[in-house]
Structures are given as structure tokens and as C-alpha cells.
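The values are calculated or read from the model by the stated rules, or taken from the named source; none is laboratory data. Everything numeric in this text was worked out from a predicted model, so none of it was measured. Neighbour counts run over all protein chains shown; Cβ positions are idealised from the backbone, glycine included. When the accessible area is computed, the model is the full protein with side chains, heavy atoms only, and any ligands, DNA or RNA have been set aside. Shrake-Rupley method; radii C 1.70, N 1.55, O 1.52, S 1.80 Å.
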Amino acid sequence: MKSNSARPRSRRVLNQSLLVLGAGALATGLAAFTLAPGVSSASSHREAPLIAGDPRADNTDVYAYTSLDRPDSVTLLANWIPFEEPNGGPNFYAFGDDLRYNIKIDNNGDGDSDITYTWRFRSSYRDDANQFLYNTGQVTSLNDPDLNFRQVYDLVVTTGGKSTVLLSGVPAAPSRVGPASMPDYAALRNQAVRNVPGGGQTFAGQAEDPFFADLRVFDLLYGGNLSERGQDTLAGYNVNSVALQIPKKALALKGNPGRNPVIGVWSTTDRQGVQVSDSRDKHGDKWKQVSRLGNPLVNEVVVPLKYKDAFNTLNPDQDRTVQPVVDKVLDPILPKLIQQVYGIPAPAAPRRDLFEIYLTGICKACGPIQADLNAHRLNKDANLKKIVPAEELRLNMAVPPTTSPNRYGVLAGDLAGFPNGRRLTDDVIDISLQAVEGAAQTGRLVPALAGGDQVDTNEVPFGTSFPYLALPHTKSVNSGPNAPEKR
């Protein structure tokens with residue numbers, strides 16, 4: 001990719017652009033929704049006011065990619081509970097028993113879920129009358145009697161309105177208490193990986209937070225002079241994760257990934273009994289969606305504060321009806337802020353390139369980006385009349401994985417990376433910054449932003465086999481970056 005000359009400054013623009021796209025859809029919805037106080041909704045780390053107070057429901061990141069070791073399958077990952085301090089005992093970090101954790105697949109482009117995978121958890125104590133500890137001795141297996149607190153889950157798949165229990169009573173990996181309590185945590189986690197009937201694998205439990213970024217971007221875009229960069233401010237924290245590896249034929253429209261390789265992916269959290277008034281709610285059950293996440297950073301950066309909580313309640317098929325959010329996608333806030341702070345001219349609106357990246361997927365018939373990559377229109381059996389703009393993380397499953405991923409993904413010619421799905425190693429902050437400044441349309445990176453947030457990789461390496469996530473940290477975050485991990 002060629003370079004463009006520009007003054008050195010902004011970086012997080014891309015992120016905000018992505019956010020802007022999502023915000024457009026949300027804004028329209030706002031007018032039609034009445035949200036009750038106390039409902040938490042958000043996606044990404046604490047991105048919306050209500051969800052910031054409900055961490056167990058707070059969906060932080062979603063990933064979808066073809067793995068190098070399983071090219072016939074797609075790996076789906078979703079994380080919750082941001083900023084888990086490793087030593088946050090004695091209760092540590094559990095999935096919510098009153099929540100449904102979902103990963104949804106749209107394979108025909110209508111903005112609705114065709115396949116939904118749901119994890120529901122149940123918690124129990126061996127002895128809560130005479131103990132206060134998470135574990136009462138050294139834990140060497142998931143059935144160890146010294147593991148006082150444990151969670152199991154049911155994995156359910158819903159297609160065509162019919163739900164099927166794939167697995168029941170599967171143990172989740174516990175929080176990593178420390179080396180004295182869990183001397184071989186890797187072995188414990190391996191016991192939590194289970195085969196799924198029909199093919200594939202599932203996992204649930206604690207993991208190192210795979211998102212890497214310098215969150216000082218929120219201090220006037222890195223301090224107003226790019227002085228606040230280069231620190232992975234998420235380093236050292238953990239999250240709770242669910243992971244699924246599923247054969248491509250189980251996800252593709254009509255079970256045919258050869259003819260229909262494109263899918264849209266997003267995750268949601270449902271809370272039972274939450275009071276949300278939604279005039280468009282057609283589901284009518286007692287579960288209400290309180291968090292939603294497809295493309296990274298959309299609700300954080302793109303959606304204005306006024307609409308963030310409402311956005312988390314929307315289904316993607318509603319996005320196009322929220323005109324204020326659509327308007328923000330076409331005329332995003334972030335490039336203007338970058339221009340104001342760093343003097344880099346904002347690309348001219350309307351931004352059809354961003355509309356294409358986030359709402360339709362990339363194809364020659366979809367917008368100005370001259371490539372057929374990951375729009376649902378590319379599925380040969382899709383009904384074009386039913387395809388709608390919707391904010392989803394789109395993946396063309398026909399693109400093979402690469403042995404040398406580029407952190408810039410598609411912008412660097414690596415078509416297996418974001419925004420064609422999202423891998424753990426994709427630098428979505430820097431990609432988003434460049435996209436917001438128009439790099440996807442011009443085909444050239446903006447040199448002034450090429451350094452991004454100067455956090456290019458995760459602080460620890462990822463695994464090479466399912467679930468690929470790094471093991472949870474054990475040292476205190478405030479012990480400093482050079483302190484040794486407790487083993």
C-alpha cells in the first residue's frame with residue numbers, strides 16, 4: 001500500500017470512525033425507544049453509560065476468523081467483564097446466572113440472526129456455610145473437591161425458531177486464583193475444552209484480555225499532541241470468554257460455504273426481567289438484550305452518548321431505520337475532531353466508504369471501494385431484495401488464513417484480517433484510524449497516522465490451538481509492567 005503525506009498526529013480516528021458508523025444506526029432508534037434506568041447496555045469496554053455499571057453483561061470484543069490449524073472451520077470468540085484485576089478475590093469473576101451470552105450469525109444479509117449460539121451458566125458452592133474461599137486447597141482438576149466455587153453451562157443453538165441443546169452441564173474454567181491454588185492452570189483450562197456434537201469445540205472461562213490499545217486516546221486524542229501513546233493500558237487485565245469453533249458448512253447459507261461464503265457475526269447479552277420499553281420489540285419474551293457488539297469501537301467512538309444505551313438494545317435489521325446514527329456514519333465525528341486537534345483535513349462527506357465497511361460489507365456494487373470482499377451480496381443463493389444495511393462483523397470464509405498476518409489486515413493487502421472478520425492479532429485501533437481518514441478508499445495509508453497508538457501487539461503471545469486465547473494473568477496490575485508473572 002502506498003503512503004500519503006500528511007502531518008504527524010492523529011491515530012484513533014479510525015476507531016472513532018467505526019464508532020461513528022454504528023452510532024448512525026443507533027440514533028434513529030433512540031426516538032423510538034424508552035429505556036428504563038438500571039438497564040445496562042454496551043459493547044466494548046465500558047462504552048455506554050448503563051453497561052459500565054453492569055460488567056458481567058458488558059461485552060468487550062468479538063472475533064471471527066478462519067484458523068490456520070483448522071481451515072475448514074471458523075473460530076468465534078466473545079469476551080465479557082472488562083478490567084478484571086487478577087487478584088480480585090475472594091469471589092473473583094463469574095459469568096452471570098441471570099444472563100444469556102450469545103454469538104449470532106446472519107448468513108443471508110437480512111440483518112437478523114439465522115443461527116444463534118447461547119451459553120447459559122449455573123453457579124454452585126461445595127460449602128458456602130463454612131467457607132469463604134474460592135478454593136480450599138490446591139486445585140488440579142475441574143472436579144477437584146478443593147474447588148469450592150464452580151460454574152457449568154448449557155450450550156444451545158437456535159435456528160429457524162427452534163432451539164436445540166448441544167451440550168449440558170459443561171464445566172467452565174475457573175478464575176485463575178494464583179500459583180499456590182492452581183499450579184497447572186493450563187491443564188485445568190484444557191479440561192474445559194469440549195467437543196460439540198456435529199463437529200467443532202467449545203470453551204468458556206477466564207482468559208487474558210486479548211484487546212491491545214492505549215486508551216489514553218480518550219484524553220483529547222492522546223494528550224492533544226500525541227504525547228500519550230505507546231502503553232498498552234489493557235495489559236495485565238483478564239476477561240471472561242466464550243469460544244466456539246464450528247465447521248463452515250454449519251454457518252453458511254444453505255450449508256454451502258462454496259457458493260455462500262459470507263457471514264455476519266455479532267454477540268449480545270440478554271438479561272432476564274430487565275425493564276426496557278422498545279416499541280419495535282417483536283420477540284415478546286422476558287429476556288431483553290442489554291449489550292451488543294459487532295465491529296470493534298462502533299458504540300464507543302461513533303455513537304453519541306445520547307444513543308449508546310439504545311444502540312445496545314437494537315437488532316442489526318433495525319440499524320438502517322435509525323437515521324441520526326446513519327448520518328453519523330456518513331459524516332463521522334472523529335475525522336473532524338482529528339482535524340481540530342491535529343490539523344489533518346477530514347475527508348469529504350458523505351463517507352460511503354465507511355458505510356460500506358460497517359453496514360453493507362465490501363463489494364464493487366456496494367460502494368466506492370473497488371473490491372469484492374465480504375458483502376452478503378456475494379452469496380450466490382442470497383435474495384438481494386432482502387439484504388439490508390446492518391452493523392455486523394462480516395467474514396468471507398473463502399479467504400484462506402495466512403501464516404504471516406499483517407496487523408493492518410485488509411489495508412495492507414492481508415484479506416484474512418479485519419475488517420474481513422477479526423483475528424486476535426489485528427490492530428483494530430490503527431486500522432480504524434486509517435479507515436476513518438479514508439485509507440480504504442484511497443488505497444494509501446496516511447503517514448502521519450502510520451504509528452497509530454504505538455501499541456502494535458498484545459503483551460503476551462496467543463495460543464496456536466483452540467481456544468487460542470492466552471492464559472489469564474496472575475500478577476497484580478499495579479505491580480508494574482516489569483514485575484514477573486506469578487507461576
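In table form, for the structure just shown:
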item: Sole exception among (1) in contact (Cβ under 8 Å) with a residue 24 or more places away in the chain; (2) open to solvent by 20 Å² or more (accessible area, probe 1.4 Å); (3) under 23 Å from the mean Cα position of the chain (by Cα) for residue 455, by number; result: (2)
item: Test: residue in the range 255-274 that is without any contact (Cβ under 8 Å) to a residue 60 or more places away in the chain and in a loop (DSSP other than H, G, I, E, B); result: no
item: Contacts under 6 angstrom Cβ, first residue in the range 355-366 being over 19 Å from residue 432 (Cα atoms), partner modelled with pLDDT under 95 and open to solvent by 20 Å² or more (accessible area, probe 1.4 Å), 6 or more apart; result: 364/370
item: Filter result (in contact (Cβ under 8 Å) with a residue 40 or more places away in the chain, open to solvent by 20 Å² or more (accessible area, probe 1.4 Å) and not hydroxyl-bearing (Ser, Thr, Tyr)) within the range 467-487; result: 471, 475, 477, 481, 486, 487
item: Selection count where residues are modelled with pLDDT under 95 and more than 20 Å from the chain's Cα centre (by Cα), scope the range 231-254; result: 1
item: Entirely in the range 338-451, the helices (runs of 4 or more DSSP H) that have 2 or more residues that are hydroxyl-bearing (Ser, Thr, Tyr) and buried (at least 19 other Cβ atoms within 10 Å of the Cβ); result: none
item: Residue check, residue 162 without any contact (Cβ under 8 Å) to a residue 12 or more places away in the chain, of a type in the set (D, E, K, R) and either open to solvent by 20 Å² or more (accessible area, probe 1.4 Å) or touching a strand residue (DSSP E or B) at 6+ places or on another chain (Cβ under 8 Å) (or both); result: yes
item: Number of positions in the range 235-254 that are among the hydrophobic types (A, V, I, L, M, F, W, C) and either without any contact (Cβ under 8 Å) to a residue 40 or more places away in the chain or open to solvent by 10 Å² or more (accessible area, probe 1.4 Å) (or both); result: 3
item: Complete set of residues in the range 219-234 that are within 27 Å of residue 470 (Cα to Cα) and either in a helix (DSSP H, G or I) or open to solvent by 20 Å² or more (accessible area, probe 1.4 Å) (or both); result: 228, 229, 230, 231, 232, 233
item: Scan of the range 115-128 for residues that are surrounded by 19 or more Cβ atoms within 10 Å (Cβ to Cβ) and more than 18 Å from the chain's Cα centre (by Cα), ordered by number; result: 120, 121
item: Matching residues, the range 114-136, being part of a loop (DSSP other than H, G, I, E, B) and either in contact (Cβ under 8 Å) with a residue 40 or more places away in the chain or touching a Phe, Trp or Tyr at 6+ places or on another chain (Cβ under 6 Å) (or both); result: 114, 132, 133, 134
item: The range 129-150, subset among the aliphatic types (A, V, I, L, M) and open to solvent by 30 Å² or more (accessible area, probe 1.4 Å), residue nearest to the chain's Cα centre (by Cα); result: 133
